[in-house]
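A.B. asks: To start, I am sharing the structure in question, which I have written as structure tokens.
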């Protein structure tokens, strides 16, 4: 594990697989039907499911799946698919051939400076190619606010100050301005999913597979880790109370972009 790239747990991440897959499938459905890509990259491919879907949809294309996590790629490499799995950071990604499709589902929110990152990705794409991206919306959302408050309110604050975390999502208008000059067409929209979660501690479990994990891994002392989790759990219980039927409602908005050169 490094400070920039924590160890990810594929089993924990997939615990709410049906909910996590929905935005990716919604994004895949909006990729233009007339696109016949020869070179495809899935940036932040995780366990590789969506790269495999792209390979099946476009059998004539060379598909690459990029992820920084060796644990995730170990699962991806067990898939019966002809995908080129590459371990590395998106910030260092420089394709040797112009891609016709760059797909990224819930990955770019970990990287800073979207005003530079998104145009750079768009500029790598071949003429008439597509950039399809989905990122969670964090600003002003309870899922993000509770995590930030717990991080900053305790003796662990100094240890967690420099841990990589989900970056604030810019406004849709900002992404339009950043991508627009490099696109022949662009479509940006948001969807607010209401996840109905079951179990004793479902929001903490959900977050343990994503944004909470780097913070927990940065705390070496077990007692401090447990104290941090208890403080976070108290905030989560207040923000996401159990419903009379025993479920927990977890609103989660996401921002989608389809840009075409």
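A.B. asks: Specify the angular offset, from 0 to 90 degrees and rounded to the nearest 10, of the alpha carbon long axis of helix 17-29 from the longest principal axis of the alpha carbons in the chain.
C.D. replies: That helix lies at roughly 30 degrees to the long axis.
A.B. asks: Compute the angle between helix 114-124 and the longest alpha-carbon principal axis of the chain, please, reported from 0 to 90 degrees and rounded to the nearest 10.
C.D. replies: Tilt relative to the chain: about 30 degrees.
A.B. asks: Still on this structure, I have one more. Is the C-alpha gyration tensor of the range 135-261 telling us rounded, prolate or oblate? Criteria: a/c under 1.5 is rounded; beyond that, a/b larger than b/c is prolate, otherwise oblate. Mind showing how you got there, number by number?
C.D. replies: Details: a/c = 2.97, a/b = 1.55, b/c = 1.92.
Oblate is the answer for the range 135-261, as a/c is 1.5 or above yet b/c matches or exceeds a/b.
A.B. asks: Only Cα pairs under 8 Å and at least 6 apart count here; give the relative contact order of the chain as a rounded whole percent. Walk me through the numbers before you get to the answer.
C.D. replies: Values: 443 pairs, mean separation 60.3, N = 261.
In percent, rounded to a whole number, it is 23.
A.B. asks: With r defined as the distance between the Cβ atoms of residue 176 and residue 25 and R0 fixed at 22 Å, what FRET efficiency is calculated, to the nearest 0.05?
C.D. replies: Numbers: r = 24 Å, r/R0 = 1.09.
It comes to 0.35.
A.B. asks: A further question follows. Provide the gained length on full extension for the span residue 98 to residue 56, in nm with one decimal, where the gain is 0.36 nm per separating residue minus the Cα-Cα distance. Walk me through the intermediate numbers first.
C.D. replies: Values: separation 42, 0.36 × 42 = 15.12 nm, distance 2.04 nm.
Gain on stretching residue 98 to residue 56: 13.1 nm.
A.B. asks: Arrange the peptides 150-162, 60-72, 42-54 so that the one whose residues have, on average, the most other Cβ atoms within 10 Å appears first.
C.D. replies: Details: 150-162: 14.3, 60-72: 20.4, 42-54: 24.0.
Packing order, densest peptide first, comes out as 42-54, 60-72, 150-162.
A.B. asks: Checking the a/c ratio against 1.5 first, then a/b against b/c, what shape does the Cα gyration tensor give for the range 128-207?
C.D. replies: Taking the square roots of the gyration eigenvalues as a ≥ b ≥ c, the range 128-207 is oblate.
A.B. asks: Tell me the relative contact order for the range 111-261 as a rounded percent, counting alpha carbon contacts under 8 Å between residues six or more apart.
C.D. replies: Values: 192 pairs, mean separation 67.0, N = 151.
Worked out over the range 111-261, it gives 44 percent.
A.B. asks: Calculate, in nm to one decimal, what residue 117 and residue 243 gain on full extension: separation in residues at 0.36 nm each, minus their alpha carbon distance. Walk me through the intermediate numbers first.
C.D. replies: Working: separation 126, 0.36 × 126 = 45.36 nm, distance 4.04 nm.
Residue separation times 0.36 nm, minus the Cα-Cα distance, leaves 41.3 nm.
A.B. asks: Now for a separate question. Could you calculate the contour length gain from residue 87 to residue 184, that is, 0.36 nm times the residue separation minus the distance between their Cα atoms, to one decimal place in nm? Write out the running numbers ahead of the final one.
C.D. replies: Working: separation 97, 0.36 × 97 = 34.92 nm, distance 3.14 nm.
Using 0.36 nm per residue and subtracting the Cα-Cα distance, I get 31.8 nm.
A.B. asks: I would also like to ask the following. Per DSSP H run of n ≥ 4, the term is -39500 (n - 2.57); total these for the chain, divide by its residue number, and report the mean residue ellipticity at 222 nm rounded to 500 deg cm²/dmol.
C.D. replies: When only DSSP H runs of four or more count, the value is -10500 deg cm²/dmol.
A.B. asks: Starting from the 7 Å offset along Cα-to-Cβ, what nm value, one decimal, do you get for the label separation of residue 196 and residue 38?
C.D. replies: About 4.9 nm separates the two model spin labels.
A.B. asks: In addition: How tilted is helix 222-239 with respect to the longest principal axis of the chain? Cα atoms for both, answer in degrees (0 to 90, nearest 10).
C.D. replies: Value to nearest ten degrees: 80.
FYI, it's all coordinate maths here, none of it is from the lab. Remember, it's a predicted structure, so these values are computed and weren't measured experimentally. Every residue, glycine as well, gets a Cβ built from its backbone with ideal geometry; the counts of neighbours run over all protein chains shown.
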